[in-house]
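S.K.: Structure in structure tokens, see below.
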Amino acid sequence: MTELLVGTKKGLFVLEGTPGEGFEVTARAFAGEPVEYAMRDPASGRILAAVTSAFYGPKLHHAEDAHGEWTQATGVELPEGGEQALERLWVIVAGEGGRLYMGGDPGVLFESADGGASWALVRSLWDHPTRPDWQPGGGGLCLHSIVPWPGEPDRLALAMSAVGVWLTDDGLETWRHGNEGLRPNYIPEDAEPGMTLCVHDLHRAAQRPERMFMQFHGGVYRSDDAGASWTGIGAGLPSDFGFPMVLDPADPDSAYVIPLEADMDRVTPGGRVRVYETRDAGETWTARGDGLPSEHAYLTILRQALDRAGSGSELELYFGTTSGAVFGSGDAGATWAPAAEHLPPVYSVRTA
Amino acid sequence: MTTVRLREPLKRLAGGRADHALEGATVAEVLAALERDQPALAGWILDERGRLRRHINVYVSGEPGGAETPVGPEDRVDVLPAISGGAR
């Protein structure tokens, strides 16, 4: 039995089921409110839900289960009296030692040591001297990817739109860029991109932590030096534009992406929905679409709307669409089936 | 004192009470006093900068107002979600 936490434009939906046997909606919370991200903390077992009310601003809530009592987390705010306000919460990731990290807009990182009940702003990033030069992407100045290093709690990688990759090796004290080799196609070829680098998603290979994969705003990249430098691996894909990515934890040569037509046409290419898989670190890509819509299907899959459960031969994959469908695979992408078809627009999918 | 009147979900966060009598010379001042009196409301009406959230409307005794609108002891400040925020 797999639990899916699906954040949508109109609330949080909990789906439970087994790939191939179907899924049921077992709970809905925050009816009518945009739930931009939800996950279950593996250490505490709590569900954390980021709710960005158009009226009341972004709030984080936690509960033992979706039917239960929700409590608003504390500390999810910027320093009072400043020039900026917290706009959105984009991602929550479990780190080493039971710690949780949360990223948001405007380019902010929070950490929690108590299972998400209380949070503290990471001042080293908030006070970074280059911050005045940070430029937002289309979704705002969003810190959307947080990538721990298994077994090394002091090491962390972040990605922001559009401020590139940031790396720390000293427990969040200092930060450096990891952007060598990234070539944006949204500026002239002879222009210097500086920091304006629109990373869309960032992941680390669990069994080979110095290897990372990235979906860029036009480009798919791999790093074999812990994010210091990057090599394009998008050749062979129908489009190198897209948002989410996942890896198989059992295979450091693996990655899955869902290409969209282009920056200016963010739908599945040719009206066909296909997930692309590499098992040779990006040398080649294979389309996986058995069971997915293959005709006149112009779907959009957002940044946080793809996730996995299990690994290796038991790898499960799930993604949601802005048209309100969730698709799942129980065989590493070989075959797919709908898990839900008529939800509100899907913002995020996370397995538990 | 000025009366601040809340609807759900703000009313629920303020202990289930709609009307709150508060001191202050402007809308911003009475809303800041409301947050001090009802800490669960912190961040819901005013953001970290102390500004009214973009899609919150306030009316002072039935007239549209803003953060700097003066208020007196006979005034009622209604805090309402704006229809503009419903587009998402």
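Each value in this text was obtained by applying a stated rule to the coordinates, not by laboratory testing. These numbers come from a predicted model, not from an experiment. Here Cβ is always computed from backbone atoms with ideal geometry, including for glycine, and neighbour counts include all displayed protein chains.
S.K.: Tell me which residues come under 5 Å, amide H to amide H, from residue A:108 once H is placed; ignore anything under 5 positions away on its chain.
M.R.: Here the answer is A:143, since their amide H atoms fall under 5 Å of that of residue A:108.
S.K.: Translational diffusion coefficient of the protein assembly as shown at 10 °C, 1.306 mPa s, Stokes-Einstein with Kirkwood Rh over Cα pairs, in µm²/s as a whole number. Kindly include the intermediate steps, with their values, before the conclusion.
M.R.: Numbers: Rh = 22.8 Å.
Once the numbers are plugged in, D ends up at 70 µm²/s.
S.K.: Spin-label point model (7 Å from Cα, Cβ direction): what's the residue A:123 to residue A:264 distance in nm?
M.R.: 4.7 nm
S.K.: Hey, in the GNM for chain A with a 10 angstrom Cα cutoff, which one of A:254, A:313, A:112 fluctuates hardest?
M.R.: A:313
S.K.: On a C-alpha basis, how far is the centre of region A:7-73 from the centre of region A:112-190 in Å? Whole number, if you could?
M.R.: 25 Å
S.K.: Give the relative contact order (percent, whole number) for region A:1-94; include only Cα pairs under 8 Å separated by 6+ residues. Walk me through the intermediate numbers first.
M.R.: Working: 191 pairs, mean separation 19.0, N = 94.
Here the relative contact order equals 20 percent.
S.K.: Let me ask another. Counting only DSSP beta bridges with both residues in chain A, what percent are antiparallel, rounded to the nearest 5? Walk me through the intermediate numbers first.
M.R.: On the way: 94 of 98 bridges.
DSSP beta bridges in chain A are roughly 95 percent antiparallel.
S.K.: Additional query: Counting alpha carbon pairs within less than 8 Å and at least 6 residues apart, what relative contact order, in whole percent, applies to chain A?
M.R.: Working: 1024 pairs, mean separation 45.8, N = 352.
Dividing the mean separation by the residue count of chain A yields 13 percent.
S.K.: What three numbers, in Å, describe the spread of the alpha carbons of region A:109-200 along their principal axes, ordered from the longest?
M.R.: Dimensions of region A:109-200 along the principal axes of its Cα atoms: 47, 25, 23 Å.
S.K.: Here's something else I'd like to know. Size of the dipole of region A:177-254 about the Cα centre, Lys and Arg at +1 and Asp and Glu at -1 on the beta carbon, nothing else charged, in debye to 20? Mind dumping the intermediate values first?
M.R.: On the way: 5 positive and 12 negative charges, 34 e Å.
For this selection, approximately 160 debye.
S.K.: Could you work out the Rg to Rh ratio of region B:2-87, with Rh taken as the Kirkwood radius (inverse of the mean 1/r over all Cα pairs)? Intermediate results must be reported in sequence, preceding the final value.
M.R.: On the way: Rg = 11.6 Å, Rh = 12.6 Å.
Reported Rg/Rh (Cα atoms, Kirkwood Rh): 0.92.
S.K.: Excluding residue A:228 itself, calculate the net charge of residues whose Cβ lies under 10 Å from the Cβ of residue A:228, where each Lys or Arg counts +1 and each Asp or Glu counts -1. Spell out each step's value before the answer.
M.R.: Numbers: positive: A:176; negative: A:180, A:210, A:224, A:225.
For residues surrounding residue A:228, the net value is -3.
S.K.: Say the dipole of the protein assembly as shown comes from +1 at the beta carbon of Lys and Arg and -1 at that of Asp and Glu; which of A:199, B:9, A:282 then lies farthest toward its positive end?
M.R.: Result: B:9.
S.K.: Might you report the magnitude of the Cβ-based charge dipole of region A:2-351 about its Cα centre, with Lys and Arg at +1 and Asp and Glu at -1, to the nearest 20 debye?
M.R.: Values: 25 positive and 50 negative charges, 107 e Å.
My answer is approximately 520 debye.
S.K.: At a threshold of 8 angstrom on Cα-Cα distance, excluding pairs fewer than six apart, so keeping six or more, what relative contact order does region B:2-87 reach in percent? Don't skip to the answer; put the middle values down first.
M.R.: Working: 149 pairs, mean separation 29.4, N = 86.
Across region B:2-87, relative contact order equals 34 percent.
S.K.: Which peptide among A:134-142, A:185-193, A:160-168 comes first, and what is the full order, when sorted by highest mean count of other Cβ atoms within 10 Å?
M.R.: Values: A:134-142: 18.0, A:185-193: 10.1, A:160-168: 24.8.
With the highest mean Cβ count within 10 Å placed first, the list reads A:160-168, A:134-142, A:185-193.
S.K.: Write out the GluC sites (Glu not before Pro) in region B:1-51 meeting two conditions: DSSP loop, and at most 13 other Cβ atoms within 10 Å of their Cβ.
M.R.: Values: sites: B:23, B:29, B:35, B:48; in loops: B:23, B:48.
Here the GluC sites (Glu not before Pro) that fit, given the DSSP loop and packing criteria, are B:23.
S.K.: For a footprinting-style exposure proxy, rank A:300, A:130 by other Cβ within 10 Å, fewest first.
M.R.: Working: A:300 17, A:130 12.
Fewest-to-most Cβ neighbours within 10 Å comes out as A:130, A:300.
S.K.: If you keep only loop residues by DSSP, which GluC sites (Glu not before Pro) in region A:78-164 have at most 14 other Cβ atoms within 10 Å of their Cβ? Walk me through the numbers before you get to the answer.
M.R.: On the way: sites: A:80, A:83, A:87, A:96, A:111; in loops: A:80, A:83, A:87.
Those satisfying the criteria are A:80, A:83.
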